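Comments concern the structure below.
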Amino acid sequence: MHIPDTSVYLPRRTFLRGLGVSLALPFLECMMPVLKAAPVGGAVRRMVFFYMPNGMDMENWTPKATGATYELPMILQPLQPYKMNFSVLSGLAHGNAKPLGDGAGDHARANAAFLTGAHPRKTAGADISVGISADQVAALQIGKNTRLPSLELSCESSSRQAGACDSGYACVYQHNISWRNENTPMPPLGDPRIVFERLFTNEEDPDLAAGKALRESCRGSILDVVREDAKAFQARLGATDRRKMDEYLTGLRETEVAIQQEAKFKATAAKPSSMEKPEGIPGDFTEHVRIMYDLLALALQTDATRIATMMVQHDGSNRAYPFIGVSEGHHDISHHGNSPEKKEKIAKINRFHMEQFGYFLGKLKGMREGSSTVLDNSMIVCGSGIADGNAHAHTELPVIIAGGGGGTLAPGRHVRYGKDTPMTNLYMSMFERMGVKADRMGDSSGLLKEI
């Protein structure tokens, strides 16, 4: 039996510091005496939402059986190592993503309603209106407990916040899933370097002096800035905590190197004189996705935030995936017309995204917090506001909830709910587990049972 080293007691919020840098620490055993006094079993609970674009090939997504003995269909098979760490939820719907008399624009409504459960006002002007999103309901109440009340990410290099995009809907609806209030979106960050600086510099604005100096520093590594503080700190730790610190700093450095390599590639790549600015971040898309997952995992591990969203791609995205054999645009082939060939390609794209999601679950599962893990203490929703892309269906949505919620969730099952059960009922159930008070969330009608 392992006996925790309690020769040094440290508060959960301990930092390594250097010029312009404040490097938060992961959970260490020497912090356990502090956490024993924390409420509800001492677990720091987290809430994360992922948005996947253009729906799914539902035939290859939906398990045939319910309960704990179900088999993972083709799209979900990459998650097999984590089958006991997540549940598939079927039957959930976003009624307010339907037209409701507004005509076309399902992609914009899917993004806008995903976390708000509200129907967006159809406008291409400045008079946008939808509703506060679930992550921000939580952030307003518990965000004060962390340096960043919430973190909004994307795997796109930029998001369109002006103009019209989908059938008369303002672009802002389609490029945001997090909303501070009914009129104010929380635009996501897609540049890994900016996210890195947001997490590990003292300046809230990454363009201020400290962040800029760090980017331009010839030292090359944020770890060099805190080297002396880290050396003195590690000398105080027991063997187990020293090993955890080594793993954490190694992971941080690997992420930093990946970001620097991407920047170096972009800076030295030959460009034709007439080249227009590319859409998205140039380079390997898989690497970009994984860097963003690494950064989010670090943010949760260090308790920089407990609430996060990631719009992997916006709905209606027409990104091609030639590296998995799909050269057509995702949105184009999502209108498959029941073509077996197109549906097979959609399933390939869906499976690719589940492979990356599995990578993220593996990162969190490997991050120890006392006798549990960051994954055990998290609630992670992964899904889409559209089911079948060809039909633009907003019912029978593809939804996963992963993690243990600090012991409050019962993962490892396929659960089917009644037709058109509001997905916002899931958010209400998560609020209850996070200690967030809300009478209603969008079109919610109660709590979601059996999660």
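Quick note: the coordinates plus some simple rules give every number you see, no bench work behind them. If you're wondering where the values come from, they're calculated on a predicted model, not measured in any experiment. In this analysis, Cβ positions are derived from the backbone assuming ideal geometry, glycine residues included, and neighbour counts consider all displayed protein chains.
Summary of computed values
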{"item": "Whole-Hz couplings from phi, Karplus 6.51/-1.76/1.60, listed for segment 127-141; x for Gly and Pro", "result": "8, 5, 6, 9, x, 5, 8, 4, 4, 7, 4, 5, 4, 5, 9"}
{"item": "Built amide H within the under 5 Å cut-off of THR421, gap 5+", "result": "ALA93"}
{"item": "Karplus 3J(HN,Hα) series, Hz, for segment 57-74 with 6.51 cos²θ - 1.76 cosθ + 1.60 (x for Gly, Pro)", "result": "7, 5, 5, 9, 9, 7, x, 6, 9, 9, x, 8, 9, 5, 9, 6, x, 3"}
{"item": "Estimated FRET transfer efficiency when R0 is 30 angstrom, pair ALA164-GLU341 (beta carbons, to 0.05)", "result": "0.40"}
{"item": "Alpha-carbon centroids, segment 396-436 and segment 100-134: separation in whole Å", "result": "23"}
{"item": "Two-site label geometry, TYR359 and ASP127: point separation in nm, points 7 Å out along Cα→Cβ", "result": "4.5"}
{"item": "5 angstrom amide H check on PHE50, placed H, neighbours 5+ away", "result": "MET310, VAL381, CYS382, GLY383"}
{"item": "Integer Hz, Karplus 6.51/-1.76/1.60 couplings in order for segment 110-125, x for Gly and Pro", "result": "4, 5, 5, 8, 3, 10, 9, x, 10, 8, x, 5, 7, 7, 9, x"}
{"item": "Pairwise centroid distance, computed over Cα atoms, of segment 343-392 with segment 58-91, Å", "result": "11"}
{"item": "Cut-off under 5 Å, modelled amide H: who pairs with LEU151 long-range", "result": "ILE307, ALA308, THR309"}
